[in-house]
Amino acid sequence: FSLDGKQLAYGSDDGWLRMFDRTSATSKTFPENGEVEAVGFFGNAVLAAGRSGTVRLHGVSDAKLDRTLDKVRGVALSRDGKLLATRADESLRIVDVRNGKTLSTLASAPKTVWSIAFDSSGSTIAAVTDRVHLWDTKSGALVRTFGASKSELSAVEFSSDGKSLATADVSGTVRMFD
């Protein structure tokens, strides 16, 4: 959902990003390059990340394709919509959404990362393998690694206040960290 709750965007494995306007009950479709795995709103744009490794930014009102980032395998969008974390070419990068420029490359990033998330302030990013890795988004420095799991971690997310972190592993176990 968009921040105002009026728009819903979703992707699917048929290669389309769909947006539904709850106020007017109208919908729009955007062609994507393969399956759509992640969708996020920020301002007047929608981000769609596909299995093809492409991240596209679309204008909400005019269905215009604003920008494309290639060779991306994982994404997270900061809550303010200004920063994008990408996993591409075996590295994690923080990208400025407005111009597509890399602001930092995260130090000591593992080659295989399954999920990425920003905290509520956008100052910390988490990524998971069989552990949780935390970085400072401005410096790109690794801050902490913790929470070894017997199974690979498949998802990570911060609470809305940024004080807690949840992980899920492939066996279905969810763990909370403060």
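The values are calculated or read from the model by the stated rules, or taken from the named source; none is laboratory data. A quick note: this is a predicted structure, and the numbers were derived from the prediction, not measured. Here the Cβ is made from the backbone with ideal geometry for all residues, glycine too, and neighbour counts use every protein chain on show. Protein only, heavy atoms only, side chains kept; ligands, DNA and RNA dropped before computing areas. Shrake-Rupley method; radii C 1.70, N 1.55, O 1.52, S 1.80 Å.
Across the range 1-36, what is the number of residues that are of a type in the set (Phe, Trp, Tyr), open to solvent by 80 Å² or more (accessible area, probe 1.4 Å) and assigned to a strand (DSSP E or B)?
Looking only at that region, the number is 2.
Identify, from the list Ser121, Ser154, Ser115, the residue that is open to solvent by less than 40 Å² (accessible area, probe 1.4 Å) and either within 16 Å of the chain's Cα centre (by Cα) or under 19 Å from Leu77 (Cβ atoms) (or both).
From the options Ser121, Ser154, Ser115, the qualifying one is Ser115.
From the residues in the range 131-145 that are of a type in the set (D, E, K, R) and part of a strand (DSSP E or B), which one is surrounded by the most Cβ atoms within 10 Å (Cβ to Cβ)?
Of everything passing the filter in the range 131-145, Asp136 is surrounded by the most Cβ atoms within 10 Å (Cβ to Cβ).
With the requirement that a residue be at pLDDT 75 or above and either in a loop (DSSP other than H, G, I, E, B) or over 28 Å from Asp4 (Cα atoms) (or both), what does the range 55-96 give you?
If the condition is that a residue be at pLDDT 75 or above and either in a loop (DSSP other than H, G, I, E, B) or over 28 Å from Asp4 (Cα atoms) (or both), then Ser78, Arg79, Asp80, Gly81, Lys82, Arg87, Ser91, Leu92, Arg93 are the ones that fit.
Looking at (1) aliphatic (A, V, I, L, M); (2) free of Cβ contacts under 8 Å to residues at least 24 places away in the same chain; (3) assigned to a loop (DSSP other than H, G, I, E, B); (4) under 25 Å from Gly50 (Cα atoms), which one does Ala148 not meet, given that it meets all the others?
(4)
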